[in-house]
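Remarks on the structure that follows.
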Amino acid sequence: MGKGKLEEIHRLSRDVQADMVIFDGELTPTQQRNLEQSLDIKVIDRTALILDVFALRAQTHEGRLQVELAQHEYLLPRLIGQWSHLERLGGGIGTRGPGETQLETDRRIIRTKIQKLKNDLERVRRHRSLYKQKRRKEGVPVISLVGYTNAGKSTLLNSLAKSTVLAEDKMFSTLDPVTRRISFPGQKPFLLTDTVGFIQKLPTTLIAAFRATLEELKESDVILHVVDITHKNAPEHAKVVNDLLTDLQLEGKPTLLVLNKIDLLTKNIHQHSFGDRDIYTDNNAIPVSAYRRWGFDNLVGSIIRMTEREELSLVEV
């Protein structure tokens, strides 16, 4: 970053009496320290902001563990410079003894905490795998909701299951995976799972912490990719989700594209397209309103047909 840009940021932060400057990108620990020294103000990056939001949204034990793990892994390389005193007198059992620096002590504590969190998460996942095995024995299809944050996945889950999962007009209002059993008269029941919303430039520490949860998508029979059709960046949001699914090696998984919030469409919103494909003429796209329950017969019918097709293909193999 050039000197002129730094001066501009410093002047702006001073004019608005800001307490903090947030950079829309990942900063290295060195970049963060240098910027704080140059601007004489607290500096955080995109990752720190998203971690704070995630910490507020996590409700389940597993969700809190994942966020805490990501926070500690983010903090570890940034410990240097956090302490005005470096020397600690005295020793004790389990320490290096006299002369150990406060920085070294805290690094050791954080590394120990990271390992404990990883062990705790592994126990939670092993416990969940038992339910997964039981579910497979019962032969109940599993459908997973994915989508860019605030696409309306939780509202869709609530409307289909008539449940009360938190659904707010906020980013990451649902952080923890939630599963509900869906039953319709004359139709085979299925399990519907809501997952964490995706976001552009998802921080690497978060991808690592939530990878195990996201990889649960591999156990799904069908993926419902929910897109907020009213958003001006709908095509870009869909690409972010598709790219992450590819990264998780899920591009071959049976997927239904669900175009949500059609009740909010206006006459001047009719030209959304994904590349050279009109979003409305995509044969695999199902327009719905999760809020008003529009298009649910078509959606459920498509889910049932797709799960039956998957069962047939397994029998043939």
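The values are calculated or read from the model by the stated rules, or taken from the named source; none is laboratory data. These figures come from a predicted structure and were not determined experimentally. Only protein heavy atoms, including side chains, enter the accessible area calculation; ligands, DNA and RNA are left aside. Shrake-Rupley method; radii C 1.70, N 1.55, O 1.52, S 1.80 Å.
For Lys188, list the lysines whose Cα falls under 18 Å from its own Cα; do not include residues on the same chain fewer than 8 positions away. Reachable lysines: Lys134, Lys137, Lys162. Accessible surface of His237, taken over heavy atoms with a 1.4 Å probe and every protein chain present, rounds to 30 Å².
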